[in-house]
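Asks: Right, I'll just put the structure down here and ask away after.
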Amino acid sequence: MSQQSYRFWSRFIHRVALSGKVVPEVSFDIERLLFPIGDSNVADKKHVFVAGLARAGTTILMRQLHATGAFRSLTYRDMPFVLAPNLWARISGVSREEMVAEERAHGDGILVDFDSPEALEEVFWRVTCGDKYLLKDRLVPMTVDPERQADFRDYIALLLRNHESKRYLSKNNNNILRLQSLTQCFPNAVVIIPFREPLQHAYSLVRQHQAFLKRHNDDPFSLVYMNWLAHHEFGRGHRPFIFNDTRSPILERGDPQTELSYWLQLWLDTYNFVAKTASERCIFLSYERLCDEVDTVWPSLCSILDLPKQEPKVLLHRSHQVVDLEGPSGLAGECRLLYETLREREVSR
């Protein structure tokens, strides 16, 4: 099969498996019918959820935790029938096809292959209750009803069915919108909330948004793909988190393609919301400490997460820091004050 033909069939099967709601819902129903739930105590396990604003170090932290071998995460091998992991593994012959690691679309030096863990669980939320939080121009907080909580527990149990550790690891930034519901689903889970110095963070966000605008213009399928996964952080499909109402200040901050203030406001709104809604099962961790003090941060995380003490397996490096970066003085001051407040709540502080 030619490379062009492979690309066509790959995109076709992704479109069948992920677009809309019917096929994903049916695949999940068949999965539950064919495969008994492996662990009836899945709700009691100490699962780990990583959730923060994009570009806060969430991916590299998840990679670090996944490298311990203590968790099951969704990977690209679970695509595209992400809601039927056992069925898809059986249909595809538990393919051990290899893929040469390539830099991900973010252009940040992080390599991906078929075994790379990724934020794919959002397909579950989009399909089962997308109308509650996925609005036309924004994403809003949601409360997960008991029936959907039970469905999510079943989903995680199915993912863990053949995994020795019986612990799930997720990196999903949209989980910010449902923190309370997550801890109701899994009372012993730990939610790690990374955050980053706001001006540097805003600069990273605006550059990433610009890069994805270009990518989506050059490759429209990449936009469709991100929409299927409900990844609306950047690009033509960008939809901001809106935590209040139509009068949210972010809607008055100008063009996200050019205005640093837009992303600073998003930072302020997001972490104000998280600071107010995070339970005792949530721990905060700054990107700066994760990179600069890994020798002290990592043992603390291992202790909190009941992981054996070991050296970090992934080297952490700060991305390029921009000097003399300035934002609107009042807004930047509010962000800085909140940043210092979050640092006081950090793990091991």
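The values are calculated or read from the model by the stated rules, or taken from the named source; none is laboratory data. If you're wondering where the values come from, they're calculated on a predicted model, not measured in any experiment. Quick reminder, even Gly has a Cβ in these numbers, built from the backbone with ideal geometry, and neighbours come from all protein chains shown.
Asks: Name the residue, out of Val191, Val206, Val274, Val297, that is of a type in the set (A, V, I, L, M) and in contact with a Pro (Cβ under 8 Å, 6 or more places away or on another chain).
Replies: Val206
Asks: Is there any pair linking a residue in the range 131-160 that is assigned to a helix (DSSP H, G or I) to one that is among the polar types (S, T, N, Q), with Cβ under 7 Å and at least six apart or on different chains, and which?
Replies: Arg148/Thr128; Gln149/Ser181; Gln149/Gln184; Asp151/Thr128; Leu158/Asn86
Here's the yes/no breakdown for (1) in a loop (DSSP other than H, G, I, E, B); (2) closer than 30 Å to His209 by Cα; (3) not aliphatic (A, V, I, L, M):
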{"position": "Ile37", "(1), (2), (3)": "yes, no, no"}
{"position": "Ser40", "(1), (2), (3)": "yes, no, yes"}
{"position": "Lys46", "(1), (2), (3)": "yes, no, yes"}
{"position": "Gly52", "(1), (2), (3)": "yes, yes, yes"}
{"position": "Arg55", "(1), (2), (3)": "yes, yes, yes"}
{"position": "Thr59", "(1), (2), (3)": "no, yes, yes"}
{"position": "Leu65", "(1), (2), (3)": "no, yes, no"}
{"position": "Ala70", "(1), (2), (3)": "yes, no, no"}
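Asks: Hey, among the residues in the range 160-178 that are aliphatic (A, V, I, L, M) and modelled with pLDDT of 95 or more, which one's nearest to Arg72 (Cα to Cα)?
Replies: Leu169
Asks: Among the residues of the range 223-238, is any modelled with pLDDT of 90 or more and touching a strand residue (DSSP E or B) at 6+ places or on another chain (Cβ under 7 Å)?
Replies: Scanning the range 223-238, I find at least one residue that is modelled with pLDDT of 90 or more and touching a strand residue (DSSP E or B) at 6+ places or on another chain (Cβ under 7 Å), so the answer is yes.
Asks: Hey, among Leu325, Leu290, Leu301, which residue is modelled with pLDDT of 90 or more and either surrounded by 14 or more Cβ atoms within 10 Å (Cβ to Cβ) or within 22 Å of Phe234 (Cα to Cα) (or both)?
Replies: Leu301
Asks: If you check every pair at least six apart or on different chains, which have Cβ atoms under 6 Å apart with a residue in the range 1-27 that is farther than 15 Å from Glu122 by Cα and modelled with pLDDT of 90 or more first and a residue that is surrounded by 14 or more Cβ atoms within 10 Å (Cβ to Cβ) and aromatic (Phe, Trp, Tyr) second?
Replies: Close Cβ pairs (under 6 Å, with a partner that is surrounded by 14 or more Cβ atoms within 10 Å (Cβ to Cβ) and aromatic (Phe, Trp, Tyr)) amount to Ser27/Phe81.
Asks: Phe195 is checked against (1) at pLDDT 95 or above; (2) surrounded by fewer than 20 Cβ atoms within 10 Å (Cβ to Cβ) and fails just one. What number does that condition carry?
Replies: Among (1) at pLDDT 95 or above; (2) surrounded by fewer than 20 Cβ atoms within 10 Å (Cβ to Cβ), Phe195 violates only (2).
Asks: Oh, and also: Of the conditions (1) at pLDDT 95 or above; (2) outside any loop (DSSP other than H, G, I, E, B), Leu83 clears all except one; give me its number.
Replies: (2)
Asks: Taking Pro141 as meeting all but one of (1) crowded, with 19+ Cβ neighbours inside 10 Å; (2) touching a Leu at 6+ places or on another chain (Cβ under 7 Å); (3) at pLDDT 95 or above; (4) not hydrophobic (A, V, I, L, M, F, W, C), write down the number of the exception.
Replies: Unmet for Pro141, out of (1) crowded, with 19+ Cβ neighbours inside 10 Å; (2) touching a Leu at 6+ places or on another chain (Cβ under 7 Å); (3) at pLDDT 95 or above; (4) not hydrophobic (A, V, I, L, M, F, W, C): (1).
Asks: Limited to the range 183-200, what total is found for residues that are closer than 29 Å to Cys129 by Cβ and part of a helix (DSSP H, G or I)?
Replies: Total meeting the criteria: 3.
Asks: I'd like the full set of residues that are surrounded by fewer than 17 Cβ atoms within 10 Å (Cβ to Cβ), modelled with pLDDT of 90 or more and within 15 Å of Asp151 (Cβ to Cβ), limited to the range 33-48.
Replies: Leu33 - this is the single residue of the range 33-48 that is surrounded by fewer than 17 Cβ atoms within 10 Å (Cβ to Cβ), modelled with pLDDT of 90 or more and within 15 Å of Asp151 (Cβ to Cβ).
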